[in-house]
Amino acid sequence: MKLLLSGTKLNQFCEIVSNIKNLCEFITFQPSDDRLYSQGISGDHCAIYELDIGNEWFDDYELNEDDSKSFSVSTEMMAKIIHTRQPNQYMVI
């Protein structure tokens with residue numbers, strides 16, 4: 001699997017992850033051929049989110065048949081990593 005983001009879309013993705021950090025401790029992504037999907041609920045069960053990003057939104061979106069069907073990341077750790085980036089950089093997942 002390879003997901004590439006840069007520019008405005010990277011900024012938007014970073015904002016999304018930063019906001020999800022306020023709801024959930026972990027985020028689980030479920031990539032498929034046509035989208036990156038996630039849904040979750042806050043720890044106190046008062047808020048839910050659903051994230052559905054089409055593959056055309058990414059600068060590059062590659063998914064192999066043998067890739068994992070889902071992966072989870074600590075939202076706190078991901079937010080810390082994201083906030084170290086510079087404006088001219090890109091992100092590959």
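For this structure, a couple of remarks:
- Selection of GluC sites (Glu not before Pro), the stretch 1-73, meeting DSSP coil and at most 14 other Cβ within 10 Å: 25, 65
- Protein heavy-atom accessible surface, 1.4 Å probe, per residue over the chain: 65 Å².
- Distance cut-off 13 Å, percentage of C-alpha pairs in the stretch 1-54 lying past it: 63 percent
- When shorter helices are ignored and each DSSP H run of at least 4 residues is given -39500 (n - 2.57), the per-residue value for the chain at 222 nm works out to -7500 deg cm²/dmol.
- Most to least accessible of 84, 75 (protein chains only, probe 1.4 Å): 84, 75
- About the centre of its Cα atoms, the chain shows a dipole size close to 440 debye [charges on the beta carbon of Lys, Arg (+1) and Asp, Glu (-1) only; nearest 20 debye].
- Set of aspartates and glutamates near residue 9 by C-alpha distance (under 13 Å), chain-local residues within fewer than 8 positions excluded: 56, 59, 60
- Over the chain, relative contact order from alpha-carbon pairs under 8 Å, at least 6 apart, %: 45 percent
- Histogram of C-alpha separations across the chain, 10 Å bin width, %: 15, 49, 32, 4
- A 1.4 Å probe over all protein chains sorts 46, 14 by accessible area into 46, 14, starting with the largest.
- Of 59, 33, 44, the one that fluctuates the most in a GNM where the chain has Cα springs shorter than 10 Å: 44
- Applying both filters, DSSP loop and at most 14 other Cβ atoms within 10 Å, to the trypsin sites (Lys or Arg not before Pro) of the chain gives 69, 85.
- Were the residues from residue 74 through residue 88 laid out at 0.36 nm apart, the gain over their Cα-Cα distance would be 2.6 nm.
- Considering only 86, 70, 55, and ranking their Cα positions along the charge dipole of the stretch 54-93 that arises from unit charges at the beta-carbon of Lys, Arg, Asp and Glu, the one farthest toward the positive end is 86.
- Listed residues 1, 22, 39: farthest to the positive end of the dipole of the stretch 1-53 (Cβ charges): 1
- Surface share of carbon and sulfur [accessible, 1.4 angstrom probe, percent] for the chain: 48 percent
- In this structure, residue 44 and residue 64 have a Cβ-Cβ separation that, at R0 = 30 Å, corresponds to a calculated FRET efficiency of about 0.20.
The values are calculated or read from the model by the stated rules, or taken from the named source; none is laboratory data. On a predicted model such as this, the values are computed, not experimentally measured, just so you know. Please note: Cβ atoms are built from the backbone with ideal geometry, for glycine as well, and neighbour counts cover all protein chains shown. The protein model used for the area step is the full one, side chains on, heavy atoms only, and it has no ligands, DNA or RNA in it. Shrake-Rupley method; radii C 1.70, N 1.55, O 1.52, S 1.80 Å.
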